[in-house]
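The values are calculated or read from the model by the stated rules, or taken from the named source; none is laboratory data. Please read these numbers as outputs of a predicted model, since none were measured by experiment. Glycine also receives a Cβ, built like all others from the backbone with ideal geometry; neighbour counts cover every protein chain displayed. To get the accessible areas, we keep the full protein, side chains included, count just its heavy atoms, and leave off ligands, DNA and RNA. Shrake-Rupley method; radii C 1.70, N 1.55, O 1.52, S 1.80 Å.
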Amino acid sequence: MHAPRFLAAFDYHSGTARSASAVISGESMKKMIGIVTAALWVGVYASDGVFAQSSACDRQCLEGFVDRYLDALMKHDGQAVPLAANVRFTENGQRLTIGDGLWRSMKAKGTYRLFVTDVDASQVAFIGTLQEENADPAQGTPALIALRLRIAGNQITEIEQAVIRNVDAAKRVEALGQPHPLFTQAIPENERASRVDLIRTANMYFSGMQQNDGKGEYPFTDDCNRIENGMQTTNRPTPAGETRPDPKTATGYSAQWGCLEQFKSGLLHFVTRIRDRRYVAVDAERGLVFAFGFFDHSAGDTRNFSTPSGRNVTAGPAQPWTWYIAEMFRIEKGKIRQIEAVLDRVPYGMNSGWSSWEDGMSDRAQDVTRAAAR
């Protein structure tokens, strides 16, 4: 996709090359053109922050920046981590200055750590637990964080974080101890999907849930499972003495159903819009995709819909409601196998602080990693 820029640059220099060819041998000329070509390609990739950055900060380096950043938050010291002079920082959709928000209140790191490390984009996404200050100085207040860092020139240039101040959710995630093993397992090299295909598959999840009609294409493995705020929301055992809900007669979707069963039920229709779908990190080696987005429930007449079998159902929040969500997917052979999300209720229609208003209200997929598609 960079070829037009390369050709324009090469054409610009071609006059000099032609005049030089009059005194340089053909073989030498070939070598010179090869050197110039390589230099131009390096320049193009460096200008896009792809080639230069990816070679400068590998997986260990990027994940190390997360710890350095969290340590700086605990110290309440913006000089304790290398930040670019023009670093951009948002917390829960609000642009803040370094030193504000969680910079003031962070007390300690938790033990739960889940990474999606995008070496090509020099970007890392993270879900973890932490402790904030408490009215009692001897205590901490559990919270969750979804974090994105962009690294350039060994400095953090962008910080995007969602802090979920839900004590029960934070305790549940901390109690998990560690992420599902699938999130750290490598995909066999001959089965690895491209960045474009991984994002496409993940986006089918959001499109299938938005105004869910039960008739879409839902790319789930048979054992697909989902965890939200530390709670299993698919494949939960039926409690003793109860009957497992039947999708053909139920009036609401059930956490006892699998991923595919939930989507085929059509009972998620009240999710009227999944917007600002920003795919911020892709780890092809592990088949992982990390996205930020907003789930709108518009209420009113959107609560009334028909199921695939023709039953009329009323479901969903009675007032307009938005979930701010950070969601990651493990994808194998074009199908979603494991999903993990952290989410919080926010003002209806809220924007991320990273998109235009138009993009923030759009349900199109946005690959904002800016890494080379492959």
> If you check every pair at least six apart or on different chains, which have Cβ atoms under 6 Å apart with a residue in the stretch 294-311 that is more than 25 Å from ASN203 (Cβ to Cβ) and at pLDDT below 95 first and a residue that is among the basic types (Lys, Arg) and open to solvent by less than 10 Å² (accessible area, probe 1.4 Å) second?
Replying inline: none
> So which pairs qualify, if the first residue must be in the stretch 267-293 and among the polar types (S, T, N, Q), the second must be open to solvent by less than 10 Å² (accessible area, probe 1.4 Å), the Cβ gap must be under 6 Å, and the two must be at least 6 apart or on different chains?
Replying inline: THR272/ASP296
>> Whether any residue in the stretch 28-49 is farther than 25 Å from GLU285 by Cα and at pLDDT 95 or above is what I want to check.
In response: no
>> Given the criterion in a strand (DSSP E or B) and of a type in the set (S, T, N, Q), identify the matching residue among GLN256, GLN338, GLN319.
In response: GLN338
> When you look at ASP197, is it touching a residue at least 40 places away in the same chain (Cβ under 8 Å), under 20 Å from PRO179 (Cβ atoms) and acidic (Asp, Glu), yes or no?
Replying inline: no
> Restricting to the stretch 342-362, what's the tally of residues that are under 18 Å from PHE270 (Cβ atoms) and buried (at least 18 other Cβ atoms within 10 Å of the Cβ)?
Replying inline: 1
>> Of all residues being closer than 25 Å to VAL280 by Cα and without any contact (Cβ under 8 Å) to a residue 40 or more places away in the chain in the stretch 205-233, which is surrounded by the most Cβ atoms within 10 Å (Cβ to Cβ)? Just the residue, please.
In response: THR233
> Got a sec? Which of PHE329, PHE295 is in contact with a helix residue (DSSP H, G or I) (Cβ under 9 Å, 6 or more places away or on another chain) and under 10 Å from ASP276 (Cα atoms)?
Replying inline: PHE295
> Is there a residue being basic (Lys, Arg) and either open to solvent by less than 20 Å² (accessible area, probe 1.4 Å) or within 14 Å of the chain's Cα centre (by Cα) (or both) anywhere in the stretch 113-123?
Replying inline: no
> Looking at THR238, THR234, THR251, which is the one that is under 25 Å from PHE126 (Cβ atoms), among the β-branched types (Val, Ile, Thr) and in a loop (DSSP other than H, G, I, E, B)?
Replying inline: THR234
> Only one of (1) touching a helix residue (DSSP H, G or I) at 6+ places or on another chain (Cβ under 9 Å); (2) outside any strand (DSSP E or B); (3) not charged (D, E, K, R) is not met by LEU343, so which one is it?
Replying inline: (2)
>> Quick test for you: out of ALA240, ALA299, pick the one residue that is among the hydrophobic types (A, V, I, L, M, F, W, C), farther than 27 Å from PRO181 by Cβ and either in contact with a strand residue (DSSP E or B) (Cβ under 6 Å, 6 or more places away or on another chain) or open to solvent by 20 Å² or more (accessible area, probe 1.4 Å) (or both).
In response: ALA240
>> For the stretch 290-307, give me each residue that is assigned to a strand (DSSP E or B) and over 16 Å from GLU160 (Cβ atoms).
In response: PHE295, ASP296, HIS297, ASN304, PHE305, SER306
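Condition check ((1) touching a residue at least 40 places away in the same chain (Cβ under 8 Å); (2) in contact with a strand residue (DSSP E or B) (Cβ under 8 Å, 6 or more places away or on another chain)) across all residues:
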residue	(1), (2)
ASP118	yes, yes
GLN123	yes, yes
PHE126	yes, yes
ASN134	no, yes
PRO137	no, no
ALA143	no, yes
ARG148	yes, yes
> Tell me, which residue of the stretch 73-86 that is within 29 Å of PRO347 (Cβ to Cβ) and open to solvent by less than 30 Å² (accessible area, probe 1.4 Å) is nearest to the chain's Cα centre (by Cα)?
Replying inline: LEU73
>> Please count how many residues of the stretch 152-197 are open to solvent by less than 60 Å² (accessible area, probe 1.4 Å) and of a type in the set (Ser, Thr, Tyr).
In response: 2
